[in-house]
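**Student:** Dumping the structure here so I can ask a few things about it.
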Amino acid sequence: MAQDLRELLKGKNPENKTLSKGHESKFEAMLEEAMPFEDKSSFNWMKVAAIAIVMLGVAFFGYQYLSDFTGNSIDKNSNPIVNTEKTTTEKTNQISLGDLSPDLKKVEEYYLMGINVQLASLKINSENKEMVDGFMKQLSNLDKEYKRLSIELNKEGPSEATITALIDNLKLRLELLFKLKNKLNELKTQENEPINNI
């Protein structure tokens, strides 16, 4: 079965066969009909454009959502307990916890946002005003301590003890607000219990 191709082709005379005129164009037409040519470059550009539009949309709506969530809807003048705005002289002369590293900035923003959200969601009435005032006094003391620690951070430079104290201060303020919320909820349920028992 194994034959040498050279032996088979020795006896054949090479004939000059030429293809008919228009054979190439006919072949291309048949090939195009069987397998149409797809323009891949425009398809790729469409994918890139669609991804870019989606990313821009997500970025826009994410920015809108986060800017609303981080405090634009909170009345900053109503509670001076947490002052997140700095004057231009304070910004140039003082460094804050967020100026030290991006991670510390995220931590500081997280706690400040939580504190502001909790403050904004407080419902103060005549029945709970005394309790809220007591908690606000504690928050005010913690805010003064935070400012003192910030001054220490600026005078002595960043140290692990100062950074930890600043973060712990923010944690304490947020925990204090959660305790206040729980106390207010307990007070509300105690007021509703006699009505339910009747």
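**Student:** Could you pull out the pairs from K144/K188; K105/K129; K105/K181; K106/K181 whose alpha carbons sit more than 29 Å apart here?
**Tutor:** Listed pairs above 29 Å: K144/K188; K105/K129.
**Student:** Tell me the net charge near V132. Cut-off is 14 Å between Cβ atoms, V132 excluded, with +1 for each Lys or Arg and -1 for each Asp or Glu.
**Tutor:** +3
**Student:** In addition: What does the charge count around E186 come to, taking other residues whose C-beta lies under 11 Å from its C-beta (Lys +1, Arg +1, Asp -1, Glu -1)?
**Tutor:** +2
**Student:** Considering only DSSP states other than H, G, I, E and B, which GluC sites (Glu not before Pro) in the range 114-196 qualify as loop sites with at most 12 other Cβ atoms within 10 Å?
**Tutor:** E127
**Student:** A follow-up question, please. How compact is the range 94-197 by the rule of thumb for globular proteins, expressed as Cα Rg over 2.2 N^0.38 Å?
**Tutor:** Cα-based Rg divided by the globular estimate yields 1.33.
Just so you know, all these numbers are worked out from the coordinates, no wet-lab data involved. Worth saying up front: this structure is predicted, and the values here are computed from it rather than measured. As a convention, Cβ positions derive from the backbone with ideal geometry for all residues, glycine included, and neighbour counts pool all protein chains shown.
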